[in-house]
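Structure record follows, encoded as structure tokens.
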Amino acid sequence: MPLQFSTSFPAVDHYMMNGFDTVRGMSSRFATTICACLLARQTELGIGGHFAEIGTFEGRFFIAMALALSGDEKALGIDTFDWPNATLLERFTAHCERFGVADAQLVVHKGRSEALSPGDVGSLLGGPVRMWHVDGEHSRTALQRDLDLARSTLHPDGLIVVDDMLHPEYPLLVVALHEWLERHRDMRVVCVIDREDIVAASKFVLCRTQSVCHYEEDLMSRFERFHYVMGSEWERYFCVVLTPEPRLAPVD
Ligand SMILES: C[S@@+](CC[C@H](N)C(=O)[O-])C[C@H]1O[C@@H](n2cnc3c(N)ncnc32)[C@H](O)[C@@H]1O
């Protein structure tokens with residue numbers, strides 16, 4: 001599959017071209033590539049730290065992020081690794097090896113995310129997380145609990161990427177996110193990454209309000225051809241929308 005756009009990481013670009021479709025999963029190619037570019041943006045700005053994901057499955061999204069980390073930064077995969085069967089963990093580690101995720105970088109936690117405290121994450125990684133991907137249990141309670149864990153271990157300028165927003169199968173997830181954001185006014189949505197299709201659904205990218213300036217302009221210029229200029233309205237602010245084929249409905 002040809003590259004939609006380059007991430008500036010040769011290993012990530014190679015994986016997106018030759019590996020992404022061979023690793024089962026539900027993240028879209030579009031959103032995965034944008035998130036790897038967000039890690040590149042953080043590196044440019046000197047925002048260091050680890051990557052962590054709740055709901056790693058076979059590693060489709062995880063591998064791209066792990067390959068975009070630098071130096072001794074680690075990638076933590078949290079999953080029960082028991083669905084749809086007990087061979088999931090084997091498949092995940094084999095994919096990581098095949099695409100060059102270094103053993104020293106890989107941290108795996110087999111278990112439910114709700115059993116992890118912020119201290120556990122700190123012990124597993126040894127420092128703050130610069131990007132979380134929250135894609136585990138899709139109930140309202142579980143999402144809010146996973147967001148709490150992510151927020152309390154997040155680098156001050158870090159990002160939380162939330163999957164399956166506005167997915168027709170999980171219409172109340174966005175309600176849970178809204179309630180959570182109302183309780184945590186220091187956080188907001190900085191970007192909506194639109195869906196590719198019903199499986200490869202939208203992701204919302206969150207950060208602290210003070211950090212929006214690090215990402216907003218950069219997203220609009222770096223992804224100019226995917227930028228939906230109307231933006232996304234959140235009552236107190238607008239955020240960036242990136243969509244694979246931006247267009248406006250004709251009105252006259
Ligand atoms: C939709 S899949 C994740 C897809 C993957 N992130 C990707 O990009 O391809 C959801 C995963 O969440 C895991 N999961 C569900 N509930 C969980 C929980 N409470 N704690 C940890 N993982 C959970 C499932 O085992 C499953 O592998």
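Just so you know, all these numbers are worked out from the coordinates, no wet-lab data involved. In this text the structure is predicted, and so the values were computed from the model without any measurement. Glycine also receives a Cβ, built like all others from the backbone with ideal geometry; neighbour counts cover every protein chain displayed.
Filtered by the rule that a residue be in a loop (DSSP other than H, G, I, E, B) and out of contact with any strand residue (DSSP E or B) (no Cβ under 8 Å at 6 or more places or on another chain), region 205-235 gives Val229, Glu235. Filter region 65-80 down to residues that are in contact (Cβ under 8 Å) with a residue 40 or more places away in the chain and of a type in the set (Gly, Ala, Ser) and give me whichever is nearest to the ligand (Cβ to nearest atom). If we take residues in region 65-80 being in contact (Cβ under 8 Å) with a residue 40 or more places away in the chain and of a type in the set (Gly, Ala, Ser), then Ala66 is nearest to the ligand (Cβ to nearest atom). The set of residues in region 126-160 being within 10 Å of the ligand (Cβ to nearest atom), touching a residue at least 40 places away in the same chain (Cβ under 8 Å) and not in a loop (DSSP other than H, G, I, E, B) consists of His133, Val134, Asp146.
Identify all residues within region 196-234 that are within 15 Å of Val174 (Cα to Cα) and surrounded by fewer than 20 Cβ atoms within 10 Å (Cβ to Cβ); write none if there are none.
The first filter runs over region 196-234 and keeps only residues within 15 Å of Val174 (Cα to Cα), leaving 201-206, 232-234.
Listed by number, the residues that qualify are Ser232, Glu233, Trp234.
Going by the structure shown, is Phe62 among the hydrophobic types (A, V, I, L, M, F, W, C) and under 18 Å from the mean Cα position of the chain (by Cα)? So Phe62 passes the test. When region 28-64 is filtered for residues that are more than 10 Å from the ligand (Cβ to nearest atom) and closer than 17 Å to Val121 by Cβ, the ones remaining, listed by number, are Gly48, Gly49, His50, Phe51, Ala52.
Quick one: which of Leu149, Leu173 is in contact with a Leu (Cβ under 7 Å, 6 or more places away or on another chain), crowded, with 19+ Cβ neighbours inside 10 Å and over 28 Å from Pro246 (Cβ atoms)? Steps first, please.
Numbers: Leu173 fails: over 28 Å from Pro246 (Cβ atoms).
On inspection, the qualifying residue turns out to be Leu149.
Return the residues of region 4-27 that are within 15 Å of the ligand (Cβ to nearest atom) and surrounded by fewer than 18 Cβ atoms within 10 Å (Cβ to Cβ); say none if nothing qualifies.
Step one: filter region 4-27 for residues within 15 Å of the ligand (Cβ to nearest atom), giving 12, 15-16, 19-27.
Correct list: Asp21, Thr22, Arg24, Met26.
Test Gly119 against the criterion of being out of contact with any Phe, Trp or Tyr (no Cβ under 7 Å at 6 or more places or on another chain), of a type in the set (Gly, Ala, Ser), more than 16 Å from the ligand (Cβ to nearest atom) and under 24 Å from Asn18 (Cα atoms), and give yes or no. When the stated conditions are applied, Gly119 does not pass them.
Do the conditions hold for Gly127, that is, is it of a type outside the set (A, V, I, L, M) and over 22 Å from Leu177 (Cβ atoms)? Can you show your working first?
Numbers: of a type outside the set (A, V, I, L, M): yes; over 22 Å from Leu177 (Cβ atoms): yes.
Against the criterion (of a type outside the set (A, V, I, L, M) and over 22 Å from Leu177 (Cβ atoms)), Gly127 qualifies.
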